């Protein structure tokens, strides 16, 4: 039997959506990308606006998708931000450092979309409002309903054989919950947080018990302060308001599940998939590997285990999370520095270079960790990654 060529909807045209679209297109699938914004880039498309509801609790607010600030620079070197055959180079840019600003990341994604001929596949300002299974001519398909953004009164619906969700995970704030008006404090013991105790004017407290209407914040040890402002640094949560699966896929304390290998819901595989769910990883290489795997599974070139076996493996993963002592919201956290997940994907795809790739990732990751844990504020300016790689004797540059 020859390859299958299916009609696929990709939700989002950020980094993960673009590489997913490219791999699906390369595999011969009919691809349509839905992007609510007017350009590619996702979170890398800087928007100076501030949402009217700063906590993001109002579902009717005008959502600002990006979570970036104007002066943001990346915390991964450009050598780890490109794709296998499309490296992140500093061509045509005055910033020659290893850690570029967000403007250069957006230029890289623009170049990738144009050079990969993806722009014509993207429907801009099309906000997806519903993705739900539909039966047409006796087949299980997916209805994708959309509406136009930007003042135009237009909406529509189209049917697809498969849907790949790539809508990002840095838009919907994750709000701490406790009695009162607002919330925050730290439960972390990692060195970066502990070191804050050494900074003049920074005082450590346990978690907040409650916040009173007069501005008094009470901590769990019954101490209290009066705060003028409470700043939430709680991160973001996975959010798929458009996805209607009748409970087959849910988000519980930031666990998206059940997902086989963080990608496929066993009962809906392979026709529904998610890209870029894991964290504590190098996003670009990971998204590329995941996208290649999804594309080949949809074409029938690679075969998934049975639904029962996939569910069993999901439960094994949950058990592993418990054994590590991780809370549920760390379900999609990869074990830093090991790269076993990426290696597994590479093996599925038959990529012989994965062993060396993993080794190189580990070495660069360990070195990067030293800088992140150091007190040196200007490490992004001082670490010449290209020079370091040459001194360490890497056989070839990381792509």
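The values are calculated or read from the model by the stated rules, or taken from the named source; none is laboratory data. Just so we're clear, the structure is a prediction, and the values are computed from it rather than from any experiment. Here Cβ is always computed from backbone atoms with ideal geometry, including for glycine, and neighbour counts include all displayed protein chains.
The residue list 237, 216 contains one member that is modelled with pLDDT of 75 or more and within 30 Å of residue 125 (Cβ to Cβ), which is 237. Within segment 31-52, being assigned to a loop (DSSP other than H, G, I, E, B) and touching a strand residue (DSSP E or B) at 6+ places or on another chain (Cβ under 8 Å) holds for 36, 37, 38, 39, 40. Filtered by the rule that a residue be surrounded by fewer than 13 Cβ atoms within 10 Å (Cβ to Cβ) and either under 31 Å from the mean Cα position of the chain (by Cα) or farther than 10 Å from residue 181 by Cα (or both), segment 203-213 gives 203, 204. Residue count for segment 11-38 satisfying the condition of being closer than 16 Å to residue 110 by Cα, buried (at least 17 other Cβ atoms within 10 Å of the Cβ) and at pLDDT below 95: 1. Within segment 53-72, being surrounded by fewer than 16 Cβ atoms within 10 Å (Cβ to Cβ) and within 17 Å of the chain's Cα centre (by Cα) holds for one residue alone: 64. Assessment of segment 279-289 against the conditions (in a loop (DSSP other than H, G, I, E, B) and at pLDDT 95 or above) yields no matching residue. So, in segment 249-290, how many residues would count as being closer than 18 Å to residue 23 by Cα and without any contact (Cβ under 8 Å) to a residue 12 or more places away in the chain? Number satisfying all stated conditions: 0.
Can you tell me which of 217, 256 is assigned to a strand (DSSP E or B), surrounded by 17 or more Cβ atoms within 10 Å (Cβ to Cβ) and under 20 Å from the mean Cα position of the chain (by Cα)?
That would be 256, the only listed residue that is assigned to a strand (DSSP E or B), surrounded by 17 or more Cβ atoms within 10 Å (Cβ to Cβ) and under 20 Å from the mean Cα position of the chain (by Cα).
Those residues that are touching a residue at least 40 places away in the same chain (Cβ under 8 Å) and touching a helix residue (DSSP H, G or I) at 6+ places or on another chain (Cβ under 8 Å), I need them from segment 291-323; list them, please. Those that are touching a residue at least 40 places away in the same chain (Cβ under 8 Å) and touching a helix residue (DSSP H, G or I) at 6+ places or on another chain (Cβ under 8 Å): 291, 292, 293, 294, 295, 296, 298, 302, 304, 305.
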